[in-house]
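The values are calculated or read from the model by the stated rules, or taken from the named source; none is laboratory data. Computed from a predicted model, the values in this text were never measured in an experiment. Backbone-built Cβ (ideal geometry, glycine too); neighbour counts: all protein chains shown. For accessibility, only protein heavy atoms count, side chains too; no ligands or nucleic acids. Shrake-Rupley method; radii C 1.70, N 1.55, O 1.52, S 1.80 Å.
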Amino acid sequence: MRLSKCEGGGSVVLERPLKLWSLIIDSVRCGGGIQRPCRKKSAGSDKLSELLKQPEWWENDEEVRRKEEVLQGLKNVAKKLQQQESMEGAAEVRRLTKDDPHARTTLALLGVIPPLVALLHSPDPTSGSQIAALYALLNLAIANDENKAAIVKAGAVDKMVKLIIDESPNEQDSGVAEAVVANFLGLSALDSNKPIIGSSGAIPFLVETLVKDADGLSGQDSLRALYNLSIFPPNVLAMLETDLIPHLFARLGDMEMSERVLCILGNIVSVGEGRKRMSRVADVFPALLDVFNWTDSPACQEKACYILMVMAHKSYADRQAMIDAGVVSSLLELTLLGTTLAQKRASRMLECLREDKGKQQQNNTDTLIMSAPQQVAAPNYDDDNDDEMMSQEKKAVKQLVQQSLHKNMRRMVKRANLAHDFVPSHHFNTLTLSSTSKSLPF
């Protein structure tokens, strides 16, 4: 701490050291009244320099000196980049911001973002200045939402798209394309950037990159960027203009990509036009039902169940297609062996299908079959003629439930490492034999 005199009198006031981004107290009390600020206000980079040079209370003289040297070095880099817009300046920014969050913030405040964006439209693309600028911008945006917003505001997205559009696919520099994809991934993480990137024409380029290099780093980055963009519903419409959906289903068996693929499909299915487009994909329901068998990937099971649940609640035709694909038995199994979330979603689907069944039979019966959970009765029937009143379809469902229970009991016995000659008790057989379709939400 240090002492200083006020301009308006002889009273001594205490100036406290401020943290880097603290508010500056310019007014102090001198005598009994409010006086003018003790320091004259400087402008531009001088003001920023004074703020950055403020020592912390725990810093000694050596640490303060080192801090001032680092700040001066950053100022020199920013000045060089602003005056020359050179590849060397961009490369220096890239190096300084690679692992230093403080340098990212300080250099952005010193104004390096606009000249870096200007370098993207370099008249000599072979000079390497574009790649240097792209990676410098990429590093500046790491874990810094303010810089992400500033980069997009400076017009970087349109220039990045132009870099790709201006060159034919055969002439595109793979290094430039990879850097552009990486930037789109980082920038799309900020919600306010999603609509700007989505409307810029970046989505077709990301889809094309995913199709061409699905197993490579740029393909993985494209997939993640598309997921970020799909969170904003209007961007889904732009995705539907590409061949993204068929390609996602084609990659569904790849375990390294499947969870993120299902995440994107889950965002697409939340949009009406997206649901219609997915319904027209060949074998869409068998492909999603197959995910239910991935017992080692419960997260994928949950996401596949969500997609089917949304489609089932929105379209009668989709419900019928699901039934034809064998969704009922898969859902019954999921309600017994799935995670808590998967069980809830499967139960909701079964309830939806049950309501359809009730509506179909309403004209032929006096009461709705299994109209509500509170009407579930004990499986012991007082009237011996109840079985005769059951339809053939209801008997089939009853048999399916019994088969599913036995199948899952054998699976649980096997998982528990019990003896192979294990035989369920007579009491268990009695319970399963007396169970009816009313005991499950179908």
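So here's what we get for this one:
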{"item": "Among 61-71, 106-116, the order from most to least packed when residues are scored by Cβ within 10 Å on average", "result": "106-116, 61-71"}
{"item": "Estimated FRET transfer efficiency when R0 is 35 angstrom, pair Ser279-Ile142 (beta carbons, to 0.05)", "result": "0.30"}
{"item": "Fully extended contour minus Cα-Cα distance, from Asn76 to Ser297, at 0.36 nm per residue", "result": "74.3 nm"}
{"item": "Surface accessible to a 1.4 Å probe, His121 within the full protein complex, Å²", "result": "120 Å²"}
{"item": "Global form of region 225-277, assessed from the alpha-carbon gyration tensor, a/c cut-off 1.5", "result": "prolate"}
{"item": "Cβ-defined net charge surrounding Leu217, 12 Å radius [Lys, Arg +1; Asp, Glu -1]", "result": "-3"}
{"item": "Area accessible to solvent at Met87, 1.4 Å probe radius, in Å²", "result": "70 Å²"}
{"item": "R0 of 22 Å, Cβ-Cβ distance Asp166-Asp243: FRET efficiency to nearest 0.05", "result": "0.40"}
{"item": "Region 104-155 versus region 220-281: alpha-carbon centroid distance in Å", "result": "30 Å"}
{"item": "Unsatisfied cross-links (Cα-Cα over 24 Å) in the set Lys153/Lys212; Lys159/Lys276; Lys98/Lys153; Lys75/Lys159; Lys98/Lys162; Lys67/Lys98", "result": "Lys153/Lys212; Lys159/Lys276; Lys75/Lys159; Lys98/Lys162"}
{"item": "Label zone at Gln320 (point 7 Å along Cα-to-Cβ), backbone N below 19 Å, region 278-295", "result": "278-286"}
{"item": "Cα-centre dipole for region 179-295 with unit charges at Cβ (Lys and Arg positive, Asp and Glu negative), debye to 20", "result": "340 debye"}
{"item": "Cβ-defined net charge surrounding Ser270, 13 Å radius [Lys, Arg +1; Asp, Glu -1]", "result": "+4"}
{"item": "Mean separation of Cα contacts under 8 Å, 6 or more apart, over the residue count of region 241-333: relative contact order %", "result": "25 percent"}
{"item": "Around Ala156: net Lys/Arg minus Asp/Glu count, Cβ-Cβ under 14 Å", "result": "+3"}
{"item": "Sequence of Glu333, Glu146 from largest to smallest accessible area, 1.4 Å probe", "result": "Glu146, Glu333"}
